[in-house]
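J.: My structure is below; once you've seen it, I'll send some questions.
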Amino acid sequence: QMWSSDRLHFSPLGHHTIAAMVLDTLAVRHTLEPLHPKELPARTWRAARAEDFVWAREYFVPWVLRRLRHRSSGDGVLAKRPDVAPIFGPGMPPGAAD
């Protein structure tokens with residue numbers, strides 16, 4: 001339950017747990033309480049493999065194909081701020097720089 005459905009990124013539970021561990025390691029006082037994951041329902045071997053197959057079709061195969069084609073998932077995506085410019089300034093909402 002620490003991972004999102006793509007099995008690559010952390011879930012909210014994973015982010016929370018890692019944040020608490022980092023703060024503990026750095027000896028930073030914090031108020032994060034450990035989260036306890038819900039009990040997972042029992043699954044048959046067949047159901048688990050079916051989920052693995054769906055994951056492979058939706059995430060793994062496209063990743064492999066992008067690598068074979070020397071493409072990135074970011075190809076064709078334009079930068080949000082392509083030019084160097086101040087982030088805060090005229091046109092920003094009041095209090096944005098606080």
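J.: Ignoring any ligand, DNA or RNA, what whole percent of the accessible area of the chain comes from carbon and sulfur when the probe is 1.4 angstrom?
T.: Values: 5730 of 9040 Å².
Carbon and sulfur atoms account for 63 percent of the accessible area of the chain.
J.: Right, here's the next one. How much length, in nm to one decimal, is gained on full extension between Arg49 and Trp63, taken as 0.36 nm per residue of separation minus their Cα-Cα distance? Could the numbers behind the result be given before it?
T.: Details: separation 14, 0.36 × 14 = 5.04 nm, distance 1.95 nm.
Answer, rounded to one decimal: 3.1 nm.
J.: Just order 11-24, 28-41, 50-63 by mean Cβ neighbour count inside 10 Å, highest at the front, would you? Kindly include the intermediate steps, with their values, before the conclusion.
T.: Working: 11-24: 13.9, 28-41: 8.2, 50-63: 12.3.
Ranked by mean Cβ neighbours within 10 Å, highest first: 11-24, 50-63, 28-41.
J.: Calculated FRET efficiency, Leu40 and Phe88, Cβ-Cβ r, R0 41 Å, to nearest 0.05?
T.: Details: r = 45 Å, r/R0 = 1.10.
Efficiency, from the Cβ-Cβ distance: 0.35.
J.: Compute the Cα gyration tensor for the range 1-40, then decide on rounded, prolate or oblate, letting a ≥ b ≥ c be the square roots of its eigenvalues: rounded whenever a/c is under 1.5, prolate when a/b is larger than b/c in the other cases, and oblate in all that remain.
T.: Working: a/c = 3.71, a/b = 1.75, b/c = 2.12.
Cα axes put the range 1-40 in the oblate bin.
J.: For the chain, what is the accessible area per residue in Å², given a 1.4 Å probe and the full set of protein chains?
T.: 92
J.: With unit charges on the beta carbons (Lys and Arg positive, Asp and Glu negative) and the dipole taken about the Cα centre of the chain, which residue among Leu32, Ser11, Ala56 sits farthest to the positive side?
T.: Working it through, the farthest residue towards the positive pole turns out to be Ala56.
J.: May I pose another question? Could you point to the label whose value was computed as Cα Rg over 2.2 N^0.38 Å for the structure here, given [x] 1.38; [y] 1.21; [z] 1.64?
T.: Computing Cα Rg over 2.2 N^0.38 Å and matching it to [x] 1.38; [y] 1.21; [z] 1.64 gives [z].
J.: Quick one: which residues, 5+ away or cross-chain, put their amide H under 5 Å from the amide H of Phe10? H built at 1.01 Å from N.
T.: Amide H neighbours of Phe10, under 5 Å, 5+ apart: Ser4.
The values are calculated or read from the model by the stated rules, or taken from the named source; none is laboratory data. For clarity, every value in this text was computed on a predicted model and none was experimentally measured. Note that each Cβ is placed from the backbone with ideal geometry, even for glycine, and that neighbours are counted across all protein chains shown. Ligands, DNA and RNA are stripped out before the accessible areas are found, and what is left, the full protein with its side chains, is counted by its heavy atoms. Shrake-Rupley method; radii C 1.70, N 1.55, O 1.52, S 1.80 Å.
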